[in-house]
1. Looking at (1) within 30 Å of Arg970 (Cβ to Cβ); (2) crowded, with 16+ Cβ neighbours inside 10 Å; (3) of a type in the set (Lys, Arg), which is the one condition that is false for Arg839?
2. Residues that are of a type outside the set (S, T, N, Q): which strands (runs of 3 or more DSSP E) entirely in region 888-992 hold 2 or more of them?
3. I'd like the residue in region 584-621 that is closer than 30 Å to Val647 by Cα, among the aliphatic types (A, V, I, L, M) and not in a loop (DSSP other than H, G, I, E, B) and, out of all such residues, is nearest to the chain's Cα centre (by Cα).
4. Criterion first (part of a helix (DSSP H, G or I), surrounded by 15 or more Cβ atoms within 10 Å (Cβ to Cβ), in contact with a helix residue (DSSP H, G or I) (Cβ under 7 Å, 6 or more places away or on another chain) and modelled with pLDDT under 60) does Val130 satisfy it?
5. Being assigned to a loop (DSSP other than H, G, I, E, B) and of a type outside the set (A, V, I, L, M) is the filter here; which residues of region 246-283 pass it?
6. Condition check: within 29 Å of Val460 (Cβ to Cβ) and either in contact (Cβ under 8 Å) with a residue 40 or more places away in the chain or in a loop (DSSP other than H, G, I, E, B) (or both). Does Lys233 satisfy that?
7. Go through the residues of region 705-724 one by one and say whether even a single one is in contact (Cβ under 8 Å) with a residue 40 or more places away in the chain, over 20 Å from Pro426 (Cα atoms), surrounded by 17 or more Cβ atoms within 10 Å (Cβ to Cβ) and more than 23 Å from the chain's Cα centre (by Cα).
8. For Gly671, all conditions in the list (1) modelled with pLDDT under 95; (2) crowded, with 22+ Cβ neighbours inside 10 Å; (3) not hydrophobic (A, V, I, L, M, F, W, C) hold save one; what is the number of the exception?
Amino acid sequence: MFHLRTCAAKLRPLTASQTVKTFSQNRPAAARTFGQIRCYTAPVAAEPFLSGTSSNYVEEMYYAWLENPKSVHKSWDIFFRNTNAGAPPGTAYQSPLPLSPGSLSAVARAGPLVEAQPNVDKLVEDHLAVQSLIRAYQVRGHHIAKLDPLGISCVNFDDAPVTVSSNVGFYGLDESDLDKVFHLPTTTFIGGQESALPLREIIRRLEMAYCQHIGVEFMFINDLEQCQWIRQKFETPGVMQFTNEEKRTLLARLVRSTRFEEFLQRKWSSEKRFGLEGCEVLIPALKTIIDKSSENGVDYVIMGMPHRGRLNVLANVIRKELEQIFCQFDSKLEAADEGSGDVKYHLGMYHRRINRVTDRNITLSLVANPSHLEAADPVVMGKTKAEQFYCGDTEGKKVMSILLHGDAAFAGQGIVYETFHLSDLPSYTTHGTVHVVVNNQIGFTTDPRMARSSPYPTDVARVVNAPIFHVNSDDPEAVMYVCKVAAEWRSTFHKDVVVDLVCYRRNGHNEMDEPMFTQPLMYKQIRKQKPVLQKYAELLVSQGVVNQPEYEEEISKYDKICEEAFARSKDEKILHIKHWLDSPWPGFFTLDGQPRSMTCPSTGLTEDILTHIGNVASSVPVEDFTIHGGLSRILKTRGELVKNRTVDWALAEYMAFGSLLKEGIHIRLSGQDVERGTFSHRHHVLHDQNVDKRTCIPMNHLWPNQAPYTVCNSSLSEYGVLGFELGFAMASPNALVLWEAQFGDFHNTAQCIIDQFICPGQAKWVRQNGIVLLLPHGMEGMGPEHSSARPERFLQMCNDDPDVLPDLKEANFDINQLYDCNWVVVNCSTPGNFFHVLRRQILLPFRKPLIIFTPKSLLRHPEARSNFDEMLPGTHFQRVIPEDGPAAQNPGNVKRLLFCTGKVYYDLTRERKARDMVEQVAITRIEQLSPFPFDLLLQEVQKYPNAELAWCQEEHKNQGYYDYVKPRLRTTISRAKPVWYAGRDPAAAPATGNKKTHLTELQRLLDTAFDLDAFKNFS
């Protein structure tokens, strides 16, 4: 049985009946002191509707009554007087009789009574039973709603053996009560303007509200206002009404949705297209959400979706030219030069048009997606957040997101949960997303009972208190109403909401699939199922809304549009990928109408700017702000570095960021603990030690008209947060967006974003992106966890050919090489070079992802310092840092040339000095690994004609950089010499967990690097 909970009590003061009546039975006799009166009001587990009513509440009532009996509800007055007069437990309460003015006045005159009136008790019990009945429908009416158009729903409610019953005997009522009139609680709107209804009518209206083609899940929401809002939308009598004009519009949209799929099927019957058959109502559903949102002020909608129905959405929602869609089915279509592209049902789109319903401009963007069905979710969120940020939409009133999902993916993929958990975080919220689940009731060939442990695929949305509206997709009007409510919810509360379109797949997973192999009974029913367009057309004809000729004319009109577009599509010979961009950057690729020059200016800065940034970075630019004592020492050390014209790693980053802010470049740094820095080196957010939640970001106090700096600790998610930042970087080229892994190997759980979006971004999606990944990396003897950022994985995915030496005499070789690569991979050994590569990322005339393996021990290494001279005007990022010691003065005497990258350089220089081999061994650092600096390394090799070549790394041989560097070095020198290896042996784990073993391995690699006879046995 479902009990009335305390949410009703929040609307008005509790009466004695609500607090005492049902649980004061069978209590021990009590003396008439208040301490013993309290025993009447002890919470009882068997009556959960009273949970939350404390004895303190009764105590307050009792003291108020002692002072003034009229200050409390009349029922409390009677209860306390009867108790004081000696009424035994269970009989002290007497309800005022709300029957007539006379009876009310009689109660007002009532004195202490010892005997309760049985008819009054029965009346109260019946009213409570009716409230329980109403609540049961509100909580679980969706369990018996007619949601499945096939009538074979697999939803399992084993966890709830009692759902909802219209058998009044279940609630302690009987058939004779059906015609009794009951007062309605304020937690229902089924009465409309009436405050009381016969029980029979109450049940009928509850059935209509909650048990037809719409099932509403919302009673888990812990906000009374939101619950009341939803009740009003679904319980108010006659609320779901449509005008004839709205019905005709709905029919026209169904015609377009249905006939588009039928046209494709006729023309390309043997092509996979992942059509929408069985959920054709999705198109009018999306258009309704967009219409209502546009009406509420939204002018930019960003969408993400899987491949099912994508072509239909492109054609009939975003309104992409049909010929551009149809031409992709031509097998003779040639690809343009921009990249490999992807199949037609993965590509995205951007379009600005007039919304014909609201006559307002609206921009629609559909983000490209991979076959990892939900991977685009956080990308859409990030792009939405960025668009809101750049237009100053702090409440999400102008820009919104819509995410489409499949039922199996929504329940089965963890990124859905991660994305939901970003929805209310201050630096990640998009102020509400409308989620539309295309519930096929099957995942590829897997039944729901094998695909999820929850009754509904949408249960994951409950974690953020998002209301869930289930709706039968064969009832178009119910779908339209639900979509209107969802759009209004998002506009009103700026929270996520879910629309679950319960539908079916008329074909298999794709048009070439045979579903009868695995779901024979389901597809026997589907074969009999009348299409929703036919059903709805017949309904409107029967209602006189349209006639048969009008309906047929609508069909022929759209068929003609498709045929004409098909004819035009044959003129398309080349697939111009520019038609499929979801994030165009107007004005970025040209300057004064001409393509931008393939050059990069100096990334250095004047000393005045460096000094100013350094001084702010070492101070607290807010008055009366108390910082931690340890932080005071850190800031003092920074100040001393600035006085000495020196920077460490944190200060170099500060100067790169600060200078870009001065130039109007917005910077966003996100990740776990980035505000302080995992290794306590950054401290970009200062916390007042005496005032809770008072913070200061000095970076935002650098210049009068600077761009804003956003630094935000993220949730403990890598997949979701990296996807979010990728989407943010997608929106504008004039921003530096960085994601920092807490440790480098944490990118493992974001590998899908790296593999599907970042690595192939330009080739696959023809979409440049300048996102920066900061991945702490280094063998510090701390064990296999968090030692390696797995550089071998990033290098293995680089698109440069190890066996082809490019034209080294090409003008602007280094910039052109950057333009041709799929991403840039660097491992800087000096703070100055780190400073330059960050600034270069923005000053380049194009955008490429940048992967930086950042240090741990080098953050505070006394030798890892850079002088201001390395950062002044005229200086640049050094792709290679050559030997500049005694060995470079007498290159002919050098017997071994060691190549390395990153932290191991400092181990090598220390060992070389200890062995007094500074003239025999030269050490060259490769700072930019990809694209590979063939030109500079050729100069290095030619400089030392008598030297052996060896690659030295601290990573194991089957990891790190060796397999990437060796073939490219050999190509550089035309394989004239071998390239030897000095480092750890191959291993399965990234590092040993034993400190002594770590040091032994390190010494062994150093011995190999400086033993000039080490490689003779291999000659």
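1. Unmet for Arg839, out of (1) within 30 Å of Arg970 (Cβ to Cβ); (2) crowded, with 16+ Cβ neighbours inside 10 Å; (3) of a type in the set (Lys, Arg): (1).
2. Working: elements: 896-900, 921-926, 928-930, 948-956, 979-984.
By residue number, 896-900, 921-926, 948-956, 979-984.
3. Going through region 584-621, the residues closer than 30 Å to Val647 by Cα turn out to be 599-621.
Right, trim to among the aliphatic types (A, V, I, L, M) and you get 605, 609-610, 613, 616-617, 620.
If we keep only those that are not in a loop (DSSP other than H, G, I, E, B) as well, we get 609-610, 613, 616-617.
On the way: Ile609: 38, Leu610: 37, Ile613: 34, Val616: 34, Ala617: 32 Å.
Step by step, filter region 584-621, then rank; the result is Ala617.
4. On the way: part of a helix (DSSP H, G or I): yes; surrounded by 15 or more Cβ atoms within 10 Å (Cβ to Cβ): yes; in contact with a helix residue (DSSP H, G or I) (Cβ under 7 Å, 6 or more places away or on another chain): yes; modelled with pLDDT under 60: no.
It is false that Val130 is part of a helix (DSSP H, G or I), surrounded by 15 or more Cβ atoms within 10 Å (Cβ to Cβ), in contact with a helix residue (DSSP H, G or I) (Cβ under 7 Å, 6 or more places away or on another chain) and modelled with pLDDT under 60.
5. So in region 246-283, the residues assigned to a loop (DSSP other than H, G, I, E, B) come out as 268-281.
Selection gives Trp268, Ser269, Ser270, Glu271, Lys272, Arg273, Phe274, Gly275, Glu277, Gly278, Cys279, Glu280.
6. On the way: within 29 Å of Val460 (Cβ to Cβ): yes; either in contact (Cβ under 8 Å) with a residue 40 or more places away in the chain or in a loop (DSSP other than H, G, I, E, B) (or both): yes.
Against the criterion (within 29 Å of Val460 (Cβ to Cβ) and either in contact (Cβ under 8 Å) with a residue 40 or more places away in the chain or in a loop (DSSP other than H, G, I, E, B) (or both)), Lys233 qualifies.
7. There is at least one residue in region 705-724 that is in contact (Cβ under 8 Å) with a residue 40 or more places away in the chain, over 20 Å from Pro426 (Cα atoms), surrounded by 17 or more Cβ atoms within 10 Å (Cβ to Cβ) and more than 23 Å from the chain's Cα centre (by Cα).
8. Every listed condition holds for Gly671 apart from (1).
The values are calculated or read from the model by the stated rules, or taken from the named source; none is laboratory data. All of these numbers come straight from a predicted model, not from anything done at the bench. Glycine gets a Cβ as well: all are built from the backbone with ideal geometry, and neighbour counts include every protein chain shown.
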